[in-house]
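One structure is given below, encoded as structure tokens.
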Amino acid sequence: MRNERAKICLRLQYLTGARICELVASRGLRPESCQVTNYEKHPAALFMIRTAKTKKQRIRTVALPLEPEYEPWTRSIVEYFQAALPQKPVFDLSLTMMQRYGKEAFQGLTYPIEEYLDEGKTVAQHEREITTHGLRHIRSTELTTRYGFDGIDLAIYFGWSLRKELTMPAMALRYLHMQWTRYFPKLLKTPQSSTLQSG
């Protein structure tokens, strides 16, 4: 992609599994939404993302390895945040613009939608063109199949509700979305190690 801002935004959307509306325009991210920390001597980038489809729009923390052998894109994203103007949206792009950039970048590529129910009617499995939302589907599949995420890891990562699935006190569930240390060690996997484990 020639547009650096859109490219970094799509990289971030993919890696964090965010909805594009959570990242762009005035309701999106500010430079302070990105912080750098360590987990057992491994540098990590933390992205605080306001989840769009929850009543309270709570902020979830998504952690990504900063070491390029584990995740080669994180460093470029962090540097982009560090160069952004204070108190301004990092990605001053509209949803329409990002849909267009995504459609151009992923032209001809599709992802599978499994069979599901819609208002009581079964919708058969089908393919859908990738624009931006498909990145969430692809990332969740990758986190499950390559990194060994379970349902709780995915809920923390994507900001999904687990109240129905888990018998936990409401207080514990309230802070579950901040527990990035639960899944972070699973992301410390090189391409070679994942090949060895799967082969």
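Note that the stretch 110-125 has calculated 3J(HN,Hα) couplings of 10, 9, x, 10, 6, 4, 8, 9, 10, 6, x, 9, 7, 9, 5, 4 Hz, one per residue in order, obtained from phi through the Karplus relation 6.51 cos²θ - 1.76 cosθ + 1.60 (θ = phi - 60°); glycine and proline are x. Does the stretch 1-75 classify as rounded, prolate or oblate by the C-alpha gyration tensor (a ≥ b ≥ c root eigenvalues; a/c under 1.5 gives rounded; else a/b over b/c gives prolate, otherwise oblate)? Oblate.
Count the lysine pairs in the chain that are 8 or more places apart or on different chains: how many have C-alpha atoms under 22 angstrom apart? Before the final figure, lay out each step's value.
Numbers: LYS7/LYS88; LYS7/LYS103; LYS41/LYS186; LYS41/LYS189; LYS53/LYS164; LYS55/LYS164; LYS56/LYS164.
Counting lysine pairs in the chain gives 7.
In order along the stretch 179-189, the Karplus-derived 3J(HN,Hα) couplings, from 6.51 cos²θ - 1.76 cosθ + 1.60 at θ = phi - 60°, round to 8, 5, 5, 5, 9, 4, x, 5, 7, 7, 9 Hz, and Gly and Pro are given as x.
To the nearest µm²/s, what D does Stokes-Einstein give for the stretch 71-169 at 10 °C and 1.306 mPa s, using the Kirkwood radius over alpha carbon pairs as Rh? Before the final figure, lay out the partial values.
On the way: Rh = 16.9 Å.
My calculation gives 94 µm²/s for D.
Go through the stretch 70-75 residue by residue and turn each phi into a ³J(HN,Hα) via Karplus (6.51, -1.76, 1.60, θ = phi - 60°); whole Hz please, and just put x for glycine and proline. Karplus-based 3J(HN,Hα) across the stretch 70-75 equals 9, 8, x, 8, 4, 4 Hz. Modelled this way, with points 7 Å down the Cα-to-C-beta line, the labels at TYR111 and HIS42 are 2.3 nm from one another.
Where in the stretch 40-71 are there trypsin sites (Lys or Arg not before Pro) that are in a DSSP coil and have at most 14 other Cβ atoms within 10 angstrom of their Cβ?
Values: sites: LYS41, ARG50, LYS53, LYS55, LYS56, ARG58, ARG60; in loops: LYS41, LYS53, LYS55, LYS56, ARG58.
Passing both the DSSP loop test and the Cβ count: LYS41, LYS53, LYS55, LYS56, ARG58.
Computed from the coordinates by the stated procedures, all read-outs in this text should not be read as laboratory data. Computed from a prediction, not measured in an experiment: that's the story for all the values here. Methodologically, a virtual Cβ is constructed for each residue, glycine included, from the backbone with ideal geometry; neighbour enumeration extends over all protein chains shown.
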